[in-house]
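The values are calculated or read from the model by the stated rules, or taken from the named source; none is laboratory data. What you see is a predicted model; the values in this text were computed from it and never measured. Note that we place each Cβ from the backbone using ideal geometry, even for glycine, and neighbour counts take in every protein chain shown.
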Amino acid sequence: MSNLLTSFIQTNQPSIEQQMDVIIKEIKAPVQLKEAMAYSLLAGGKRIRPLYTLAVLEELQVKNEDAISVASTIEMIHTYSLIHDDLPSMDDDDLRRGKPTNHVVFGEALAILAGDALVTLALGIIARLENLTADQKILLIDKLSYAAGAEGMVGGQVLDILGEGKSLTLEQLEEVHVNKTGALLSYSILAGGIIAKASEDVMNALQKYAFHIGLAFQIQDDILDIEGTSEQLGKTAGKDVLSEKNTYPSILTLEGAKEQLQKQYDLAIEALKVVNLHEGLLVEIANYITKRTK
């Protein structure tokens, strides 16, 4: 990891953690629900999505006091999806970020409700922000509901479930991951542009970058499921292979998946060159995503 990215993470990650902690503590809700929400939300993790929002703003040299709140809401949506993905009715996982999954600790009912509470809380937080215009808040909520809903993350999860036990084509697998993983990652990048009131050219470049880096993120996840350990990943390694899940290595071979990873990375960086954003944090985060070991 470069000094630039290390410094950026060390500066911003604690602020994200602190903001999320404050948000959960301040809501008026049953103690057990707040404990279940905080358990998964504050369990650590890379915080790639909220960091992306802040990185775009830094690259565009724009400051806004509400940016940290918007970034935090993205992590809430991501966390809700992880809680629900781990449920017995879905992926049935008992390990997440090196800790027992939410339903293992709090039971299935409270885990489901904790996820529900996180996603609805996130939308309300954006609506109440004071340093963004009404148009910006409406656009953020609109794009977030799309990215997290039936046409994005939820739809992708359904496609993933429907694909179980079937041999998918590369195009079908890409459709799954563009929605399941890529939609929210893309939103986190575009949210920074919305807050910064970026030009149409910059927003288009960010959209293309986000599309390709979202695919790269999932491809690297698939590779790490084979090459990583449970200790490294903080979740059960090798589960994709055991469950005969459709992955990039299963369709392209491990070597082919690595070639596809490089292709998506190159396309992401090419998109940034059009607007001269190819020498800063966005490239460094792309490097981290494609070279990470967990």
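Considered as a group, the residues in the stretch 130-146 that are closer than 17 Å to Ser188 by Cα and in contact (Cβ under 8 Å) with a residue 60 or more places away in the chain include one that is nearest to the chain's Cα centre (by Cα), and that residue is Leu144.
For the stretch 217-224, state whether one or more residues are aromatic (Phe, Trp, Tyr), at pLDDT 95 or above and in a helix (DSSP H, G or I). Outline the logic, then answer.
So the first thing to find is which residues in the stretch 217-224 are aromatic (Phe, Trp, Tyr), and the list is 217.
Next, only the ones that are at pLDDT 95 or above stay: none.
No, the stretch 217-224 contains no residue that is aromatic (Phe, Trp, Tyr), at pLDDT 95 or above and in a helix (DSSP H, G or I).
Tell me which residues, restricted to the stretch 95-123, are over 16 Å from Val31 (Cα atoms) and surrounded by 18 or more Cβ atoms within 10 Å (Cβ to Cβ).
Initially, the stretch 95-123 is screened for residues over 16 Å from Val31 (Cα atoms), giving 95-101, 103-104, 108, 119-120, 122-123.
Once the filter is applied, which keeps residues that are over 16 Å from Val31 (Cα atoms) and surrounded by 18 or more Cβ atoms within 10 Å (Cβ to Cβ), the stretch 95-123 yields Arg96, Thr101, His103, Val119, Ala122.
Would you tally the residues in the stretch 281-294 being part of a loop (DSSP other than H, G, I, E, B) and either closer than 14 Å to Thr6 by Cβ or at pLDDT 95 or above (or both)?
Going residue by residue through the stretch 281-294, those that are part of a loop (DSSP other than H, G, I, E, B) are 292-294.
Keeping just the survivors that are either closer than 14 Å to Thr6 by Cβ or at pLDDT 95 or above (or both) gives 292.
Looking only at that region, the number is 1.
Restricting attention to the stretch 42-57, the residues that are of a type in the set (Val, Ile, Thr) and either in contact with a Gly (Cβ under 8 Å, 6 or more places away or on another chain) or not in a helix (DSSP H, G or I) (or both) add up to 2. Could you say whether any residue in the stretch 77-87 is under 25 Å from Gln218 (Cα atoms), over 18 Å from the mean Cα position of the chain (by Cα) and at pLDDT 95 or above? Looking for residues that are under 25 Å from Gln218 (Cα atoms), over 18 Å from the mean Cα position of the chain (by Cα) and at pLDDT 95 or above, one finds at least one in the stretch 77-87, hence yes. The set of residues in the stretch 285-294 that are surrounded by fewer than 19 Cβ atoms within 10 Å (Cβ to Cβ) and either more than 15 Å from Ile219 (Cβ to Cβ) or out of contact with any Ser or Thr (no Cβ under 8 Å at 6 or more places or on another chain) (or both) comprises Tyr288, Lys291, Arg292, Thr293, Lys294.
For Gln207, state whether it is modelled with pLDDT under 95, assigned to a helix (DSSP H, G or I) and under 18 Å from Thr181 (Cα atoms).
Details: modelled with pLDDT under 95: no; assigned to a helix (DSSP H, G or I): yes; under 18 Å from Thr181 (Cα atoms): yes.
For Gln207, the condition - modelled with pLDDT under 95, assigned to a helix (DSSP H, G or I) and under 18 Å from Thr181 (Cα atoms) - is not met.
Pairs are defined by a Cβ separation below 8 Å, a sequence spacing of at least 6 or placement on different chains, a first member in the stretch 26-43 that is in contact (Cβ under 8 Å) with a residue 60 or more places away in the chain and crowded, with 16+ Cβ neighbours inside 10 Å, and a second member that is polar (S, T, N, Q) and part of a helix (DSSP H, G or I); the pairs so defined are Ala36/Asn102; Tyr39/Asn102; Ser40/Thr79; Ser40/Asn102; Leu41/Thr79.
From Asp92, Asp66, grab the single residue that is modelled with pLDDT under 95 and either surrounded by fewer than 21 Cβ atoms within 10 Å (Cβ to Cβ) or on the phi < 0 side of the Ramachandran plot (or both).
Numbers: Asp66 fails: modelled with pLDDT under 95.
When all the criteria are applied, what remains is Asp92.
Annotation: Glu58 fulfils all but one of (1) without any contact (Cβ under 8 Å) to a residue 60 or more places away in the chain; (2) surrounded by fewer than 22 Cβ atoms within 10 Å (Cβ to Cβ); (3) under 20 Å from the mean Cα position of the chain (by Cα); the unmet one is (1). Ile48 versus (1) farther than 29 Å from Leu206 by Cα; (2) crowded, with 17+ Cβ neighbours inside 10 Å: which is the lone unmet condition? Here Ile48 clears every test but (1).
Selection of helices (runs of 4 or more DSSP H) fully inside the stretch 97-203 by the criterion of at least 1 residues being of a type in the set (S, T, N, Q) and under 19 Å from Ser72 (Cβ atoms) returns 102-106, 108-127, 134-148, 183-196.
Can you name the residue in the stretch 208-227 that is touching a residue at least 60 places away in the same chain (Cβ under 8 Å) and surrounded by fewer than 19 Cβ atoms within 10 Å (Cβ to Cβ) and, of all such residues, is farthest from Asp266 (Cα to Cα)?
Let us first name the residues in the stretch 208-227 that are touching a residue at least 60 places away in the same chain (Cβ under 8 Å), namely 208-209, 213, 216-217, 220, 224.
Cutting the leftovers down to surrounded by fewer than 19 Cβ atoms within 10 Å (Cβ to Cβ) gives us 208, 224.
Values: Lys208: 12, Leu224: 20 Å.
Per the criteria, the residue is Leu224.
Cβ-Cβ contacts under 7 Å between residues 6 or more apart (or on different chains), taken from a first residue in the stretch 151-171 that is modelled with pLDDT under 95 to a second residue that is assigned to a loop (DSSP other than H, G, I, E, B), are listed as Gly163/Asn246; Leu168/Asn246.
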